[in-house]
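The values are calculated or read from the model by the stated rules, or taken from the named source; none is laboratory data. Remember, it's a predicted structure, so these values are computed and weren't measured experimentally. Here the Cβ positions follow ideal geometry from the backbone for every residue, glycine too, while neighbour counts run over all protein chains shown. Each accessible area value is taken on the protein alone, full model and side chains, heavy atoms only, with ligands, DNA and RNA left out. Shrake-Rupley method; radii C 1.70, N 1.55, O 1.52, S 1.80 Å.
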Amino acid sequence: MYFATLAPGLPEIVTLDPSDAAIASLGVCSYTRNREELATDRSWYRSVIFNDHYRPAQINHYLLSHLHIPGYRAAHDVFLFKARSEGPFTGRERQIVHHLHEELGELWMAASQARLPRRLQQTLSLLQAGYSEKEVAGRLGISPGTVHDYCKALHKRWKVRSRAELLARTRVLPQAPQLMMQEQTGACLA
């Protein structure tokens, strides 16, 4: 917290960012809020973050969309900004951003449900590249029997009976976005 004196003998507490408390009170959930819902004009215009960062950039309004991603124990945030002269975000703009972020979350969850163990993913990638089971075994350095077991597991997972069906079904799998601190699990095969 920062202290400022507006009148002699009357210190006033000024926070770095007055919206922090409102954001913390929302807890672990998904939401989309504009600046006016997170901080009063009085606290915002007196805050350090506004005066040191937003005012010089001529930004007065922002929209925060927070997506809680329980499967990853993570969150994804989108900040949109408007210049002082443009006015605050409308309710319609807020709804559009919220629905777009929810839709991205749905795609993310679908991609995470399609995630495969590393060896199955490698096998599938090589099959999609046109390699036979024997060639996949050679490239991965494992036995052809193991590759055949992996192929059976892939067939079972997507409820298909042939390689053509498998390749058609998995051709357009969504890809989960990589989190900043997430390990790379999908190794590139050269």
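If the condition is being out of contact with any Pro (no Cβ under 9 Å at 6 or more places or on another chain), open to solvent by less than 40 Å² (accessible area, probe 1.4 Å) and under 16 Å from His101 (Cα atoms), then the range 15-62 contributes Tyr31, Thr32, Tyr62.
Contact annotation: residue pairs with Cβ atoms under 8 Å, 6 or more positions apart or on different chains, pairing a residue in the range 95-114 that is of a type in the set (S, T, N, Q) with a partner that is at pLDDT below 80, are Ser112/Gly71; Ser112/Tyr72; Ser112/Ala176. Being within 32 Å of the chain's Cα centre (by Cα) and of a type in the set (D, E, K, R) is a condition met by no residue of the range 123-142. When the range 13-49 is limited to residues that are in contact (Cβ under 8 Å) with a residue 24 or more places away in the chain and of a type in the set (S, T, N, Q), the one that is farthest from Thr90 (Cα to Cα) turns out to be Thr15. Consider His68 carefully, then state whether it is more than 26 Å from Glu102 (Cα to Cα) and either at pLDDT below 90 or in a helix (DSSP H, G or I) (or both). For His68, the condition - more than 26 Å from Glu102 (Cα to Cα) and either at pLDDT below 90 or in a helix (DSSP H, G or I) (or both) - is not met.
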